[in-house]
Amino acid sequence: MNYDLIKNVLDLVEDFESAVKREKLYTNDANGFRNWISDNFTTEIEKSEPGWEGKDKGRTAESVISTLIVHLNRYAKTYAKSAIYDSGFSTQEEFVYLINLKAFGVMTKIELIKKNIQDKPTGMQIINRLIKHGWVEQNESEVDKRSKMINITEKGLTVLDQQMIKIRQATQIVAGNLTHQEKMSLIRILNKLNDFHYPIFTDNVDTPELLDSVIKKYSLTSN
């Protein structure tokens with residue numbers, strides 16, 4: 001019997017269980033283990049550098065990433081418009097706010113706005129529309145009387161539930177034809193990008209100083 005092989009397999013299982021606890025991206029069973037193996041032990045072909053339009057003329061990887069993220073956001077908004085067509089929702093942000101309140105519970109106005117990565121004036125407008133519709137309610141905070149706590153109402157839960165089938169369809173379309181392995185890899189990459197950008201967003205640096213501030217803080221190149 002090859003005891004070294006058994007030991008190596010057991011080491012892999014131990015690493016997998018740590019990944020399950022840490023990332024919560026895999027089910028703790030044989031299927032989850034297979035997906036983890038597939039995601040973390042790719043071939044050299046899969047790791048090779050891709051091509052892109054304009055690469056031979058000096059277009060950078062950063063330029064491509066930025067452009068593709070903008071494009072994907074526009075695609076997602078197009079599907080979201082279709083998902084809320086002929087409903088009580090007027091914007092994608094309205095149902096996203098409700099989804100966050102349903103998922104994470106009561107929070108302050110500022111917490112809700114920050115969770116949706118929006119500036120305060122725009123976020124306040126969205127919250128006011130939700131209050132006007134009766135989909136959320138606001139109450140004084142027991143901790144800080146200056147803060148207003150926002151909670152989703154039964155009416156809000158109902159209108160959200162009525163639209164959830166189409167909303168889920170829209171999110172499935174956004175993921176397109178990615179395999180499970182590709183989805184897991186993309187989640188890890190996007191989480192890494194989000195972890196980089198979110199603290200910058202919450203710092204609320206004034207627009208004129210923003211680029212210079214980020215470049216200096218993270219020692220990025222400015223050209």
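Computed from the coordinates by the stated procedures, all read-outs in this text should not be read as laboratory data. None of the values given here were measured: they were computed from a predicted structure. So basically every Cβ, Gly included, is an ideal-geometry build from the backbone, and we count neighbours across all protein chains shown.
Taken along the Cα-to-beta-carbon direction at a fixed 7 Å, the label points for Ile189 and Arg168 span 2.8 nm. Sorting the segments 130-137, 66-73 by their mean number of nearby beta carbons within 10 angstrom, highest to lowest, gives 130-137, 66-73.
The simple spin-label model puts a point 7 Å past each Cα toward its Cβ; for Asp206 and Lys7 those points are separated by 6.3 nm. Using the Karplus relation 6.51 cos²θ - 1.76 cosθ + 1.60 with θ = phi - 60°, the per-residue 3J(HN,Hα) values for segment 121-134 come to x, 5, x, 5, 4, 5, 4, 4, 5, 5, 5, 4, 6, x Hz, with x marking Gly and Pro. Net length available on complete extension from Asn28 to Ser87 is 17.3 nm, with 0.36 nm assigned per residue and the Cα-Cα distance removed.
With Rh defined as the Kirkwood radius, the inverse of the mean 1/r over Cα pairs, the Rg/Rh of the chain is 1.03. For Val136, the residues 5 or more places off, or on other chains, whose built amide H falls under 5 Å of its own are Ile131, Thr153.
Entry note, the chain: relative contact order of 18 percent, from Cα contacts under 8 Å with a spacing of 6+ residues.
Ranking Trp36, Trp52 by Cβ neighbours within 10 Å, fewest first, what do you get?
By the 10 Å Cβ count, ascending: Trp52, Trp36.
FRET efficiency for the Tyr218 to Ala103 pair, using the beta carbon distance and R₀ = 25 Å, is estimated at 0.25.
Going 7 Å from the Cα of Arg146 in the Cα-to-Cβ direction, what parts of segment 101-116 have a backbone nitrogen less than 15 Å from that spot? Hits in segment 101-116 for Arg146 at 15 Å: 109-111.
Placing a label point 7 Å from the Cα of Tyr198 along the Cα-to-Cβ direction, the residues of segment 100-141 whose backbone N falls under 12 Å of that point are 114-117. Relative to the longest principal axis of the Cα atoms of the chain, helix 3-23 runs at roughly 10 degrees. Could you tell me which residue out of His133, Met149, Phe89 lies farthest along the dipole of segment 79-174 toward its positive end? Charges go on the beta carbon: Lys and Arg +1, Asp and Glu -1, centred on the Cα centre. Most positive-ward Cα: Phe89. Residues whose amide H comes within less than 5 Å of that of Met149, counting only those at least five positions distant or on another chain, are Asn139, Glu140, Ser141 (H built at 1.01 Å from N in the peptide plane). Listing Phe16, Phe95 from fewest to most neighbouring C-beta atoms within 10 Å gives Phe16, Phe95.
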